[in-house]
1. Counting Lys +1, Arg +1, Asp -1, Glu -1, what net charge surrounds ILE105 among other residues with beta carbon under 11 Å of its beta carbon?
2. For mean projected area of the Cα convex hull in nm², the listed values are (1) 27.2; (2) 24.2; (3) 17.0; which was obtained by calculation from the structure presented?
3. Which whole-Hz couplings ³J(HN,Hα) result when phi for each residue of the stretch 7-13 is put into the Karplus expression 6.51 cos²θ - 1.76 cosθ + 1.60, θ = phi - 60°, listed in order with x for Gly and Pro?
4. Mind checking the dipole of the chain: about its Cα centre, +1 per Lys or Arg Cβ, -1 per Asp or Glu Cβ, Debye to the nearest 20?
5. What shape does the stretch 271-318 take by its C-alpha gyration tensor, where a ≥ b ≥ c are the square roots of the eigenvalues and a/c under 1.5 counts as rounded, a/b above b/c as prolate, and the rest as oblate?
6. Which lysines, if any, have their Cα less than 18 Å from the Cα of LYS48, not counting same-chain residues under 8 positions apart?
7. Percent antiparallel among DSSP beta bridges with both residues in the chain, to the nearest 5?
8. For the chain, what does the helix formula give at 222 nm: sum of -39500 (n - 2.57) over DSSP H segments with n ≥ 4, over the residue count, nearest 500 deg cm²/dmol?
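Derivation of every value follows stated rules applied to the coordinates shown; laboratory data play no part. A quick note: this is a predicted structure, and the numbers were derived from the prediction, not measured. Positions of Cβ are backbone-derived with ideal geometry, glycine not excepted, and every protein chain shown enters the neighbour counts.
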Amino acid sequence: MTPHQRIIVTGGAGFIGSAVVRHLIGATEAEVLCIDKLTYAGNLESLKVVADSPRYRFVRADICDRAAMRQAFDDFQPDAVMHLAAESHVDRSIDGSAVFIETNIMGTFSLLEAARGYLDGLDAAQRDRFRFHHISTDEVYGSLGDEGLFVETTPYDPRSPYSASKASSDHLVSAWFHTYGLPVVITNCSNNYGPYHFPEKLVPLVILNALHRKPLPIYGKGENVRDWLYVDDHARALCRVVEAGRVGETYNIGGNNERTNLQVVEAICAALDELRPHGEGPYKDLIEFVPDRPGHDLRYAIDATKVKDELGWEPSETFETGLRKTVRWYLDNEWWWRPIRENKYAGERLGVGAAHKE
């Protein structure tokens with residue numbers, strides 16, 4: 001149970017944010033204020049299981065709205081903020097970078113200033129207890145070669161508009177710690193997957209395309225490597241960091257599950273062949289290699305030693321167990337994803353470089 005009894009979760013209707021809210025309500029005694037703008041990727045259906053809890057509240061607001069953020073702080077009186085609100089899809093950042101700059105950089109600035117103003121009104125004990133937890137990505141570190149792992153001191157080298165915007169927000173959070181004494185912690189995570197994942201991302205896109213007998217697109221030759229982290233493991237890690245992480249520190253959170261994109265897609269196909277075989281043949285026959293996206297980093301991999309040694313966290317799921325749970329969840333929860341496929345995103349290719357549409 002976290003000692004931070006009142007927690008604001010920004011982006012709480014998103015993929016990782018909703019997992020954090022569900023964990024806080026389901027596994028702790030914390031009161032949670034979920035703040036979300038409800039853009040295309042925000043979905044209150046992902047919070048259906050906690051919506052009736054007396055410890056859960058929701059406010060629809062934009063983190064760029066400083067007045068709304070200050071009001072939320074004043075009304076809720078949080079012990080901690082877990083800041084997950086962000087534009088997060090690399091392909092969309094290629095097509096239109098402006099919203100990434102606005103939300104990820106200016107939105108984080110707005111939230112930092114709201115937190116700083118709120119902190120000024122607290123007594124010493126409340127100030128000591130307060131934490132601003134900024135959740136980021138391993139993509140800020142750039143691209144690895146065949147060897148090595150990202151550690152907390154790896155120099156930043158972002159390659160996409162998305163990762164550049166997240167790197168910028170990380171630096172802002174660090175600066176507010178050093179300049180203003182705001183008690184912050186930062187986490188950088190590897191690729192998440194699991195239930196309630198908006199189907200523009202690789203794992204849910206492949207699952208749903210396969211079920212609809214659509215092509216399964218793989219960039220390039222499928223050789224790009226990612227470290228895969230089951231979202232509920234990540235939620236546990238984030239709650240552990242906000243509970244016990246050292247102020248001013250960064251913690252890398254990874255799943256210890258490196259796979260090429262081709263291996264991921266083939267594993268999904270194998271799981272579907274077992275769980276929902278199709279008369280037209282194996283799902284892997286749907287794999288289609290497509291031109292790579294611009295600036296596609298070759299390999300990411302996290303060294304999560306620090307969070308394990310200092311805070312005692314490590315992932316519970318292997319890639320195999322987590323992926324099977326994920327595939328099973330999509331098979332069993334068509335009520336959640338069908339409206340998205342029909343009304344928001346049908347699986348079309350994004351990020352082909354049409355950046356001048358802005």
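1. So the environment of ILE105 carries a net charge of -2.
2. (3)
3. Working through the residues one at a time gives 10, 8, 10, 7, x, x, 9 Hz.
4. 640 debye
5. oblate
6. Straight-distance partners of LYS48: LYS37.
7. Rounded to the nearest five, the antiparallel share is 10 percent.
8. -12000 deg cm²/dmol
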